[in-house]
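Colleague: What follows is a structure written as structure tokens; I'll ask about it next.
Each value in this text was obtained by applying a stated rule to the coordinates, not by laboratory testing. This structure is a prediction, so every number in the text was calculated from the model and none was measured. Using ideal geometry, Cβ is built from the backbone for each residue, glycine included, and neighbour counts are taken over all protein chains shown.
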Amino acid sequence: MTDPLKAETMAAAYGVASDTQFGAVSPPLHLSTTYAFEGFERPRRYDYGRAGNPNRDMLGEALAALEGGAGAVVTSSGMAAIDLVLGQLGPADRVVAPHDCYGGTLRLLKARADKGQFRLAIVDLADAAALDAALVDSPALVMIETPSNPLMRVTDIADVARRARAAGAATMVDNTFLSPALQRPISLGADYVIHSTTKFLNGHSDVIGGAVVAARADDADALRAWANVTGVTGSPFDAWLTLRGLRTLFVRIERQQKTAGTIAAFLKRQPQVVAVHYPGLEDHPGHALAGRQQRGFGAMLSFELAGDINAIRRFCEGVRVFTLAESLGGVESLVAHPATMTHAEMGAEGRRVAGISDQVLRLSIGLEHEDDLLADIAHALLLAQD
């Protein structure tokens, strides 16, 4: 018996040279929407593209292997991936979600709850008493986002999953910020892992996609069936591109997180910076926990800039290497202002409760040389003071 392949090898080589017809090293792209039956009442493995596609399945198999899950469903977006899990719930079910989750996630949850599709409780998962109170009502699903977007709060996955299981609830973890290269929630007790594959997994800001990885085969089967019913599955070409991007995940994120650590330390020393949120900093409240449950601190960070909205504007318009844009996880470095961009729809009160001030800026660190990124930040900080 051979030893199991390392995760780096699976990411780099999954599906390579698997073409039995021509021996293509790169997996072929299968764009067909429909597939010929072998004969009457004799369908092949694939019959219609919504229900199954070789490229989509190959990407799902790779993600399930990397996350240590039993199966995966590749969807048209990260939001579609979350909604696929929510679609397993009924009106009497209750969802517990973190108070500081991504603005798009919160928008989806509230919209579905307002339609009576499930009941919703928004809870600070770091507050043990508040979580215990929410679990008393026997929820069906507990959602975790760690590190959180954008304040990089770290949630103890194993502890929350254990407590949720004792209450009869499944646990879903959004692993978009770290990817399986740096965190594997299923090994910590999670039932589902969610990804916006748009981000680090694809890594090139040219594909919108998502995925759900299930810890158990029966859950994976149920998700596949519901994805076919609702039609939220991703396209073949997007799956092919994402698998291609996945091949460089480990080398990309290793370089990106190294630079992120350097930038976080630099920002800590700047007088114009009020706070830096990066779990790799020793004084970060989640530093020790992140060191236990993660294999690295990631390439995302945020900081709070002294001054008013005009200082924020001058900083954002002053960068030249960074790009002012939403999204994250690509090879290019991005800066975002959550209050007016990614988390705008939360409203001022919602952001206040989540601790997201108007002074917060979020950075996604790419593959540019760290000296150029540091010089760009230093220049923009000077402009912000004017």
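Colleague: Ranking T105, T230, T20, T75 by Cβ neighbours within 10 Å, fewest first, what do you get?
Modeller: With the fewest neighbours first, T105, T230, T20, T75 line up as T20, T230, T105, T75.
Colleague: Still on this structure: Which trypsin sites (Lys or Arg not before Pro) from the stretch 187-285 combine a DSSP loop assignment with at most 14 other Cβ atoms within 10 Å?
Modeller: For trypsin sites (Lys or Arg not before Pro) across the stretch 187-285 that sit outside H, G, I, E and B with at most 14 neighbouring Cβ atoms in 10 Å, the list reads R269.
Colleague: Put +1 on the Cβ of each Lys and Arg and -1 on the Cβ of each Asp and Glu in the stretch 185-266; which of T262, A239, A190 then has its Cα farthest toward the positive end of the dipole?
Modeller: T262
Colleague: When the dipole is taken about the Cα centre of the stretch 249-385, and only Lys, Arg (+1) and Asp, Glu (-1) are charged at their Cβ, what size is it in debye, to the nearest 20?
Modeller: 280 debye
Colleague: Hey, another quick one. Would you please put 202-214, 351-363 in order of how densely packed they are, using the mean number of other Cβ atoms within 10 angstrom per residue and starting with the highest?
Modeller: Going by the mean number of other Cβ atoms within 10 Å, highest first, we get 202-214, 351-363.
Colleague: Report P(r) for the chain: all Cα-Cα distances, bin width 20 Å, range 0 to the bin holding the largest distance, values in whole percent.
Modeller: 28, 56, 15, 1
Colleague: Charges only on Cβ, +1 for Lys and Arg, -1 for Asp and Glu: so what's the dipole of the stretch 31-166 about the Cα centre, in debye to the nearest 20?
Modeller: Roughly 340 debye for the stretch 31-166.
Colleague: If one computes the Cα centroid of the stretch 203-281 and of the stretch 368-386, what distance in Å separates the two points?
Modeller: Comparing the Cα centres of the stretch 203-281 and the stretch 368-386, I get a distance of 26 Å.
Colleague: Take the Cβ-Cβ distance between A306 and S187 as r, set R0 to 45 Å, and report the resulting FRET efficiency rounded to the nearest 0.05.
Modeller: With R0 = 45 Å, the Cβ-Cβ based efficiency is 0.65.
Colleague: For the chain, what is the mean residue ellipticity at 222 nm derived from helices alone (per DSSP H run of n ≥ 4: -39500 (n - 2.57); sum divided by total residues; nearest 500 deg cm²/dmol)?
Modeller: After summing the helix terms and dividing by residue count, I get -11500 deg cm²/dmol.
Colleague: Oh, and also: Suppose the Debye formula is applied to equal point scatterers at every Cα of the stretch 249-385; what is log10 I(q)/I(0) at q = 0.08, 0.16 Å⁻¹?
Modeller: So the normalised log intensities work out to -0.19, -0.81.
Colleague: OK, next. Using unit Cβ charges (K, R positive; D, E negative) and no other charged atoms, how large, in debye to the nearest 20, is the dipole of the chain about its Cα centre?
Modeller: 320 debye
Colleague: Name the residue farthest towards the positive end of the dipole of the chain from the options A130, A166, L373, assuming +1 on Cβ of Lys and Arg, -1 on Cβ of Asp and Glu, about the Cα centre.
Modeller: Of the options given, the answer is A166.
Colleague: Now a separate question. Looking only at the chain, where both bridge partners belong to it, what percent of the DSSP beta bridges are antiparallel (to the nearest 5)?
Modeller: 60 percent
Colleague: Also, quick follow-up: Please name which of Q359, L382, M346 has its Cα lying farthest along the dipole of the chain towards the positive end, using unit charges on Cβ (Lys, Arg +1; Asp, Glu -1) and the Cα centre as origin.
Modeller: Result: M346.
Colleague: Still on this structure, please answer the following. With the crude spin-label approximation of a point 7 Å out along Cα→Cβ, what separation in nm comes out for E317 versus A111?
Modeller: It works out to 3.2 nm between the two label points.
Colleague: Now for a different question. Order these by the 10 Å Cβ neighbour count, fewest first: D218, D174.
Modeller: In order of increasing Cβ crowding within 10 Å: D218, D174.
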